[in-house]
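Below is one structure; the comments refer to it alone.
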Amino acid sequence: MNPSDEIDHLRRRIRAADEQYYNDGASDLTDAQYDELFVRLRALEAEHPELVTADSPTQTVGAPLPKGGMFPSHEHLTQMGSLESLRSADEVRAFLARAQKLLALADDTPIAWHCEPKLDGVSANLLYEDGVLVRGLSRGDGQRGEDLTRNLRTIRNLPQRLAGDGPFPARIEIRGEVIMSKRGFAALQRREETSSEGTFRNARNTVAGTLKLLDPRVVKRRPLDFLAFAVGHVDGIAFATHGELRAQLARWGFEVATPSELCTDIDGVLAFHDDLERRRDELPYELDGIVAKVDNVEWQQRLGRTARTPRWALAYKFAPRLGRTRVLRIGAQVGRTGAVTPVAHLEPVELAGVTVSNASLHNWALLRERDVREGDVVEVQRAGDVIPEVVRVFTEERGPDSRPAEPPQSCPACDGPLHLDGKFLYCSNIDCTAQLVGRIVHLAGRRAFDIEGLGPKQVEQLVAAGLVRSVEDVFALGDEKERLVALERWGTRSVNNLLTQIEARKSPPLARFLHGLGIRHVGETIARDLAQHFGTLERLRAATNAELLAVDGVGDEVAASVAEFFASAKNRATLGALAEAGVAPQAAERIDGGPLAGRVFVFTGGLKQMTRDEAKAQVERLGAKTTSGVSKKVTDVVAGEDAGSKLAKAEKLGLRILDEDAFVALLEQA
Ligand code: IVH
């Protein structure tokens, strides 16, 4: 293809993908494929500057707004840009070196780069007039966005008015990302299992879909958050640094993305990226990289922007955990609950350093709904430690030899009968060994009892040999040493290792113990919440329904499932047998939950609607702590009338400051 045709072709592909991505929330290209096309286009245009046009995707942002869209559109006061997206340390070095050179600072004064997470959601631009939210727009094509005000107003942590006493700018545009936390997304998925809200592919996609809903009441039930990271047009005030801007955003009541770090050299920026990528599973929301911004705002202005992106900020992406591959075969597997679920065997694909060759399809109804067939090209996602999932099918690439898969007629493990419960197919045979194997593998897993050497293969072998007939039998294996040593592929040394491991893991922290039990709806996060709330197994077992519901993150479904688990005679017997075998969870440090758990409040100045003691009692009832002195440990400062030095200090530390109205609103929402 000659360069001009190739450029044309690339532009058309990219524009089509942009349109789908910005207007429907998803395109038929993965991020990595999109970036590849983009990089190619940029390279060709660099070689042939005469072929660059003003409407090339390299020169524009976002996508044209849909014609006849559901929401009216509105002009941004200043353009909403995009960021140059980099994928390697060398590209970052080149970017930073270019900025250093362009600024031509005396004696090579180093540039301080303010690094923060790159949030994976949907960007929004909020206009506040005299401190009051008047409009919220999507990014749209960068010049105009869709008016999503009614939906954005439902977001809990998005201030309807700026906190503090002002004075406020006559007009200010606050920019940030609408996201859904991992916890919120998981809760929504759980809810979806029992309702008809449709299926949610991933958090970003769900946010995009949610913001386009026409009924704000439905939006309000979706756990959205807004995190602020920039301003657009501002009347009257100027910020000297990005750090100062972040502190002011926090004082106005916005949540800003953490962690952030001021880095004074390239190695610092690279280390921030690597460290966050390593820890990405521990963070409360999905990230797709980091953003590094020149801290000094005057320097930002001197560096300016290209048509599409600023020269003072970059995005350094993490390795993608979404990829394309082909489904070779669709099989069935039996889980620890007896659920018989479809599993896609894939052409191996590497996702951020892990080779994936199997992916879950959840249930047969979903398989049919998504219409995944053998031979299909699919997108696979690996999020954290979760089992990889098929998230979509590229139906347009389907060949004539693709074959739909049918659910099995009997249990693929024991050939026993199956029954349907809701969307799930279960094996009805309570002695089905596949379930026992699944339960033990789960119990021994890294995030539960963490017993090394008890993977699926070993457990299957132990169960097949009749050495283990129940979960508790694992802890009595010490009495079976001779028979163990006689097993194929085992020797004295590996048996000794295993027995030492098992002995050493008899007192797991309560959270891991609970997770290992495999109580329905109690995953790792809820297990941790329950452990922290109740402290000991005895207290959890004795909890009433109301006490369970008081735990942050526990709803009716989880509470019922926990109660049912401890009421079952079989489970009681198992717990008794485990205790007898010497298995005893360690008590957890108790942190009482509540909607304000983890926050520390300081009150200063006089309140009009309640006394200070009443205010303290209220926040404590909601799980927060209170203290009298302002320090870095404090999260919120409630400033009433004539607030004095504490307020000044809080401002200096960049703490969240609430006036009485904002405080009352917070209590009402909590
Ligand atoms: S600053 C001039 N900071 O990434 C651009 N953007 O590709 C100012 N994003 O549209 C944006 N996290 O939606 C900035 N910490 C962060 C961000 C961030 C996510 C998004 C944002 C922007 C896109 C750019």
- Matching residues in segment 280-330 - criterion: being within 20 Å of residue 121 (Cα to Cα), of a type in the set (Phe, Trp, Tyr) and within 12 Å of the ligand (Cβ to nearest atom): 285, 316
- Message: Given the condition under 18 Å from residue 295 (Cβ atoms) and within 16 Å of the ligand (Cβ to nearest atom), answer yes or no: does some residue in segment 121-131 qualify?
- Response: no
- Mind listing whichever residues of segment 636-646 are loosely packed, with under 15 Cβ neighbours inside 10 Å and either in contact (Cβ under 8 Å) with a residue 40 or more places away in the chain or closer than 13 Å to residue 250 by Cα (or both)? 644
- How many residues does segment 545-559 contain that are surrounded by 13 or more Cβ atoms within 10 Å (Cβ to Cβ) and either touching a Lys or Arg at 6+ places or on another chain (Cβ under 9 Å) or of a type in the set (Asp, Glu) (or both)? 6
- Message: Suppose the filter is of a type outside the set (D, E, K, R), in contact with a Phe, Trp or Tyr (Cβ under 8 Å, 6 or more places away or on another chain), in a loop (DSSP other than H, G, I, E, B) and at negative phi; does residue 634 pass it?
- Response: yes
- Message: Looking at residue 240 and the list (1) more than 16 Å from the ligand (Cβ to nearest atom); (2) hydrophobic (A, V, I, L, M, F, W, C); (3) at pLDDT below 95, which single condition is not satisfied?
- Response: (3)
- Out of 632, 616, which single residue is out of contact with any strand residue (DSSP E or B) (no Cβ under 9 Å at 6 or more places or on another chain), basic (Lys, Arg) and farther than 26 Å from residue 562 by Cβ? 632
- Note on the structure: Being over 40 Å from the mean Cα position of the chain (by Cα) and among the acidic types (Asp, Glu) narrows 482, 524, 472, 503 down to just 482
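May I ask you to say which residue of 649, 633, 625, 616 is charged (D, E, K, R), closer than 30 Å to residue 511 by Cα and crowded, with 16+ Cβ neighbours inside 10 Å?
Residue meeting the stated conditions: 625.
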- Message: Looking at segment 478-499, I want the residues that are aromatic (Phe, Trp, Tyr) and have a partner that is at pLDDT 90 or above with Cβ atoms under 9 Å, at least 6 apart or on another chain. Which pairs are those?
- Response: 490/458; 490/461; 490/484; 490/498
- Message: As an exercise: evaluate residue 164 against (1) touching a Gly at 6+ places or on another chain (Cβ under 6 Å); (2) assigned to a loop (DSSP other than H, G, I, E, B); (3) crowded, with 20+ Cβ neighbours inside 10 Å and give the number of the one condition it does not meet.
- Response: (1)
- Is one or more of the residues making up segment 208-216 within 30 Å of residue 556 (Cα to Cα), within 16 Å of the ligand (Cβ to nearest atom), among the basic types (Lys, Arg) and within 22 Å of the chain's Cα centre (by Cα)? no
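Which helices (runs of 4 or more DSSP H) sit wholly inside segment 182-277 and have at least 2 residues that are under 21 Å from residue 294 (Cα atoms)?
It comes to 242-251.
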- Scan segment 421-479 residue by residue and report those that are closer than 19 Å to residue 337 by Cβ and among the aromatic types (Phe, Trp, Tyr). 424, 426, 449
- Task: Filter segment 330-386 down to the residues that are free of Cβ contacts under 8 Å to residues at least 40 places away in the same chain and in contact with a helix residue (DSSP H, G or I) (Cβ under 9 Å, 6 or more places away or on another chain), then identify the one that is surrounded by the most Cβ atoms within 10 Å (Cβ to Cβ).
- Result: 361
- Counting only residues that are within 16 Å of the ligand (Cβ to nearest atom) and out of contact with any Asp or Glu (no Cβ under 9 Å at 6 or more places or on another chain), which one in segment 155-194 is farthest from residue 228 (Cα to Cα)? 173
- Note on the structure: A careful count of residues in segment 70-111 that are within 16 Å of the ligand (Cβ to nearest atom) and either of a type outside the set (Lys, Arg) or more than 30 Å from the chain's Cα centre (by Cα) (or both) gives 15
- Item | Where a residue in segment 300-311 is free of Cβ contacts under 8 Å to residues at least 12 places away in the same chain and its partner, wherever it lies, is in a loop (DSSP other than H, G, I, E, B) and more than 10 Å from the ligand (Cβ to nearest atom), with Cβ under 8 Å and at least six apart | 304/311
- helices (runs of 4 or more DSSP H) lying entirely in segment 447-517 (those with 2 or more residues that are under 23 Å from residue 570 (Cβ atoms)): 456-464, 510-517
- With respect to residue 424, determine if the residue is surrounded by 20 or more Cβ atoms within 10 Å (Cβ to Cβ) and not β-branched (Val, Ile, Thr). no
- Item | Flag for residue 277 being within 16 Å of the ligand (Cβ to nearest atom), surrounded by fewer than 16 Cβ atoms within 10 Å (Cβ to Cβ) and of a type in the set (Asp, Glu) | no
- Task: Considering each of 522, 551 in turn, give the residue that is hydrophobic (A, V, I, L, M, F, W, C) and farther than 15 Å from residue 443 by Cα.
- Result: 551
- Selected residue (criterion: farthest from residue 537 (Cα to Cα)) from residues of segment 568-623 that are of a type in the set (Lys, Arg) and touching a residue at least 40 places away in the same chain (Cβ under 8 Å): 608
- Considering each residue of segment 99-115, count those that are surrounded by fewer than 15 Cβ atoms within 10 Å (Cβ to Cβ) and touching a residue at least 24 places away in the same chain (Cβ under 8 Å), and give that number. 2
- Which one is surrounded by the most Cβ atoms within 10 Å (Cβ to Cβ), of the residues in segment 117-161 that are part of a strand (DSSP E or B) and of a type in the set (Gly, Ala, Ser)? 138
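The values are calculated or read from the model by the stated rules, or taken from the named source; none is laboratory data. Just so we're clear, the structure is a prediction, and the values are computed from it rather than from any experiment. A quick note on method: Cβ atoms are made from the backbone with ideal geometry, for glycine too, and the neighbour counts reach across all protein chains shown.
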